[in-house]
Every structure is written in C-alpha cells, then in structure tokens.
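Colleague: Got a structure for you, questions after.
Please treat every number below as a calculation from the coordinates, not as lab data. Predicted model, so just to flag it, every value in this text is computed and none were measured. A quick note on method: Cβ atoms are made from the backbone with ideal geometry, for glycine too, and the neighbour counts reach across all protein chains shown.
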Amino acid sequence: MQYEAPDTTKAAVALLAKAKGSAYVLAGGSDLLVRMKGGFVEPDLVIDIKRIKALRDVKKTASGWSIGATAPCAELGENKALVKDWPGLVEAANLIGSKQVQGRCTIVGNLCNASPAADSVPALVAAAAKAVVAGPKGKRTIAVEQVTTGPGRTSLKKGEIIEAIQLPKRPPRSGDAYLRFIPRTEMDIAVVSAGVNLVLDASGTVKDARVALGAVAPTVVLVPDAAKALIGTKLDAAALNKLGAACSAACRPIDDKRGTIEFRTKVAAVLAKRAAKIAYTRAGGK
Amino acid sequence: MSVKVSTTVNGDKVDFVCEADETLLDVLRNRLGLTGAKEGCGTGDCGACSVTVDGRLVCSCLVLGAEVEGRKVGTIEGMANGDKLHPLQKKFIEHAALQCGICTPGFLIAAGDLLKRNPNPTEEEIRFGLAGNLCRCTGYDKIVRAVQAAAKEMRGA
C-alpha cells in the first residue's frame, strides 16, 4: 500500500484521478481503517487529506456555514455558534461512536461511507446541506441527498472528493432536530432515524419544512409529503398524524437482526413526530 | 511502501520508519516499545488503545502511523511524572478500579481527557465520557468512583 498526504485539494484530486488500483481517501479513518482491518478493502493507495489546511475549517460564511471535510465531529460540538444555528445536525454528528471516534470521524466521511443508517446524513438532508465536490474537471456543488446512491455507493466519479459541506443561512425562527432509535443508550447504529428542520413565521406557523429518514431505505430519504403535512400548521395533532403517515409511507426498509420492516415503518413515524416537536420548540414555537 | 515519520511522543522527539498500512498502535507497541496501549478489538470499539493526538482522544488502532508526522502523541507512559503517579492513577489503585488491567491504560487516558475538558463531571457525564472504553471484568462502578475521587483531588477540593 502507498500512503500519500498531499497539501492541496488539487494534488489530492490528481493522485486519485491517475490511481491505477484501488484508491481510498482517508479523513478520520473510523470507517476505512476498520474495513482494512477486516480485510474488506485492500487499498493500493490511501490519500490522507488531513494535511490540506483549507479542508480543516468550520466557519460561518456569507451564505451560512462551511464544514471542511477533515473537521472531526468533536469539533462541531465544541463550536457554540454552530450548535446555536444547527443544534439537530450537531446532535446527529455527535452521536457517531465514542469520544475516541468523535476525535476522528467527520460528517463528510459519514456521508461518503454511504451507510443508510449514517447518523449525520438525515440531519444534513433535512438542513438542505450541499456538498462541494472537487474533481479533475473543477468544482461542482450538489445537494447532499444526491451523493449516496445505495448502501456503500456514491455518485462521486473517479478523482472526485468532497471538500466541504455547506449549510444555508439560518432565517429567524428556525430549528432542527435529529432522533434515532437504538436498543441501548449510546455507541450503536441507528435502527431508524429522523431529521426535521423547520422555519416558522412570526405567528409560529410552519413556513418551511424538510423531513428526512434514515435506515428505512437503501439511502437516507427526503420525504416531501412529510414536510407538506407540517407547512401552514402549528404542529397540531392532525398535522403530526399526517406527518407520521407520510413518513411510514416513505419507508422501504429491510428486515434484519436490528429491526423488522414493521417496526422500522412504525417507529419512523414516532421519531419524526418527536423530532418535529423538538425542532418546533427550538424555532421558538409554542 | 515504508514511510519515514518524525513526531513527538510524550514530549520526546521520535523518528521511526513504518509500513504505510501500519497502525499507530502497532508502531507504539512494536517499534517504540511503548506497550501501555493495548489491542482489544482493533476496530475502535473497546478503547484499550486510547492515546491523544494533538490533544484529541483517539483509538490508536484507527490511526495510521504515517499520519502522526509532526503531531504530538500522548500515551499512558507519559501520564506519571517520573515516580509520581497522576491523581487518576493513584485513585484507580486506591479504589481497586482494575482487575486484569488490560483496559486500564485506555480508561486512564480517556478519563484524563474527560477531566481536562470537564473538571467536575457528573456520574452520568463520566459514564457517557467513558462509553468508548470497555472493561470485561465489569469494574465500571469502581472506575467511576476512582474518576470522581481523582476529579475532586485535581480540583483541590
């Protein structure tokens, strides 16, 4: 195996683009090194992107927030201004693994690992986050939900890496939340999960909404019907029931040792309702 | 491919050569003779290999040796000041917070990181903060008591 640690994105992209055998990008390594250890991948080339200074930043920008590809999730939780703007997203990112894993894992890695149960991804999709993709032909910005195409598969082309995640600017009276079901209290993989992001008008009525579900389909799913159920309401019981029904209808889960189809379909609705209530309170709704 | 690495371990400058796919844990144990960090699972679940890299708590089994070029690595061997044990080490002994001892270096490093960030943690915060460290002798209660006692001593209370 060859190890390279370039100091620019351009150099990283060039290395990836011309790689002959199997090449992998290393950010936090909390997925890649586990897969290497298990013999599931045998990289010919590993490109460590942590020497690229520009990819380290977590910063407020004119258009919202930019979270670099190598910023560890622990750092997101320590950033008070980010927590204030995106509490749900940070909660989701901080649910990944232990403190030890938090010191390494990244949201871009969580996204690119392409697990349907990735904790930060439903929150990113609900946030309408975008991924900045750098490749041999330059940069492109795509919606986060366009990155994963199936379990372990992404739409990234040869030579492409995700440099950063962009979060939109927060309007007044907005809030987000993420909840997952696991059979224990921490250190586990979501059986079902839900991310909800709301913007309210001055009267407390939902003006804009996005709802995303995890671990109920081959990829994290955005559920427009669930968002529609909330818009124009103050989260009354009827709206929440409609939200739940839309979420259950959007589920295409599998049966496995962690949960059945029936369980996941039912709990998706429960979690979405609870997350919606939290997001509503965070947005200042009463 | 071999990689030449210059780094700092417990404040000392260290140079080593390792294989590109060799973990920091294997470098510490097999090349630098620092056998305090243990391999439990090798996949980041058990925390027995906990070290710090540039002040961040990590599992050294999930870090490549090549990655620590120019970084500052902290291991259990750097915890005591000469013969003077760190309050956490003393309290682990006093409270018998260990049986077989395999998990102990990882618990001490993780507890040290926890107290650095939060000098006065609640029991829940200690249990949550140490959730990435597994003890199969099931000594968790004694470990929590030892961390509470060390935190108290370190706060000068």
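Colleague: Go through the range A:125-179 and give me each residue that's farther than 16 Å from A:ILE49 by Cβ, without any contact (Cβ under 8 Å) to a residue 60 or more places away in the chain and crowded, with 20+ Cβ neighbours inside 10 Å.
Modeller: A:ALA129, A:LYS130, A:VAL144, A:VAL147
Colleague: Next question. Being within 12 Å of chain B (Cβ to nearest Cβ) and in contact with a strand residue (DSSP E or B) (Cβ under 8 Å, 6 or more places away or on another chain) is the filter; apply it to the range A:62-80 and report the residue that is surrounded by the fewest Cβ atoms within 10 Å (Cβ to Cβ).
Modeller: A:GLU75
Colleague: Return yes or no: is B:GLU153 part of a helix (DSSP H, G or I) and within 14 Å of chain A (Cβ to nearest Cβ)?
Modeller: no
Colleague: Only one of A:ALA276, A:ALA250, A:ALA246, A:ALA229 is crowded, with 18+ Cβ neighbours inside 10 Å and touching a residue at least 60 places away in the same chain (Cβ under 8 Å). Can you tell me which? Reasoning before the result, please.
Modeller: Numbers: A:ALA250 fails: touching a residue at least 60 places away in the same chain (Cβ under 8 Å); A:ALA246 fails: touching a residue at least 60 places away in the same chain (Cβ under 8 Å); A:ALA229 fails: touching a residue at least 60 places away in the same chain (Cβ under 8 Å).
Of A:ALA276, A:ALA250, A:ALA246, A:ALA229, the one residue that is crowded, with 18+ Cβ neighbours inside 10 Å and touching a residue at least 60 places away in the same chain (Cβ under 8 Å) is A:ALA276.
Colleague: If A:SER155 passes every condition in (1) over 23 Å from A:ARG180 (Cα atoms); (2) touching a Gly at 6+ places or on another chain (Cβ under 8 Å); (3) of a type in the set (Gly, Ala, Ser) but one, which one does it miss?
Modeller: Failed condition: (2).
Colleague: Another question, if that's okay. Looking at the structure I just gave you, is B:ARG71 within 14 Å of another protein chain (Cβ to nearest Cβ) and either of a type in the set (S, T, N, Q) or over 10 Å from the mean Cα position of the chain (by Cα) (or both)?
Modeller: Yes.
Colleague: Taking the conditions exactly as written (in contact with a strand residue (DSSP E or B) (Cβ under 9 Å, 6 or more places away or on another chain), more than 14 Å from every other protein chain (Cβ to nearest Cβ), free of Cβ contacts under 8 Å to residues at least 12 places away in the same chain and of a type in the set (D, E, K, R)), does A:LYS59 satisfy them or not? Please lay out each step first, then the result.
Modeller: Working: in contact with a strand residue (DSSP E or B) (Cβ under 9 Å, 6 or more places away or on another chain): yes; more than 14 Å from every other protein chain (Cβ to nearest Cβ): yes; free of Cβ contacts under 8 Å to residues at least 12 places away in the same chain: yes; of a type in the set (D, E, K, R): yes.
Yes, satisfied.
Colleague: Which of the residues spanning the range A:88-110 are touching a helix residue (DSSP H, G or I) at 6+ places or on another chain (Cβ under 6 Å) and away from chain B (no Cβ under 13 Å)?
Modeller: A:GLY88, A:LEU89, A:VAL90, A:ALA92, A:ALA93, A:ILE107, A:ASN110
Colleague: Residue check: is A:LYS37 within 13 Å of another protein chain (Cβ to nearest Cβ) and buried (at least 22 other Cβ atoms within 10 Å of the Cβ)? Break it down stepwise before answering.
Modeller: Details: within 13 Å of another protein chain (Cβ to nearest Cβ): yes; buried (at least 22 other Cβ atoms within 10 Å of the Cβ): no.
The answer is no for A:LYS37.
Residues are listed down the side, and each one gets a yes or a no for (1) under 20 Å from A:THR106 (Cβ atoms); (2) away from chain A (no Cβ under 14 Å):
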residue: B:ASN10; (1), (2): no, yes
residue: B:THR23; (1), (2): yes, no
residue: B:LEU28; (1), (2): no, yes
residue: B:GLY33; (1), (2): no, yes
residue: B:THR43; (1), (2): yes, no
residue: B:GLY65; (1), (2): no, no
residue: B:LYS84; (1), (2): no, yes
residue: B:LEU88; (1), (2): no, yes
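Colleague: Given (1) assigned to a loop (DSSP other than H, G, I, E, B); (2) closer than 24 Å to A:GLY204 by Cβ; (3) of a type outside the set (Ser, Thr, Tyr); (4) out of contact with any helix residue (DSSP H, G or I) (no Cβ under 6 Å at 6 or more places or on another chain), identify the lone condition not met by A:LYS228.
Modeller: So the condition that A:LYS228 fails would be (1).
Colleague: Looking at A:ARG184 and the list (1) surrounded by fewer than 16 Cβ atoms within 10 Å (Cβ to Cβ); (2) within 19 Å of A:ALA127 (Cβ to Cβ), which single condition is not satisfied?
Modeller: So A:ARG184 meets the others, but not (2).
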